[in-house]
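Data first, discussion second: the structure below is written as structure tokens.
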């Protein structure tokens, strides 16, 4: 009685820039970083994801630099992002 069960596992998906833009517009921010994690080895896959958004080109550049720094801190391999 009263035993907790693990929530049903969902497949990880990339978090789109539109989600970060929605946060910026809804809550009045110029720059947004979304960092998400799926932990544990079972079931695979597990991992991390980071999405950034800036309201102007200058804000995009600034928040992208912060995002790149965080990726280095977390030991992520450099990869080319195709998002614009």
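Any read-out appearing in this document is the output of simple, stated calculations on the displayed coordinates, not a laboratory observation. Worth saying up front: this structure is predicted, and the values here are computed from it rather than measured. Quick reminder, even Gly has a Cβ in these numbers, built from the backbone with ideal geometry, and neighbours come from all protein chains shown.
Some notes on this structure:
- Neighbour-count order for 69, 46, 53, fewest beta carbons within 10 angstrom listed first: 69, 46, 53
- Order of 10, 71, 65 - criterion: other Cβ atoms within 10 Å of each residue's Cβ, fewest first: 10, 65, 71
- Its Cα gyration tensor gives the range 17-73 an equivalent ellipsoid. The semi-axes, each the square root of 5 times an eigenvalue, are 25, 14, 7 Å from largest down.
- Counting other Cβ atoms within 10 Å as a rough exposure proxy, the listed residues 59, 22 run 22, 59 from fewest neighbours to most.
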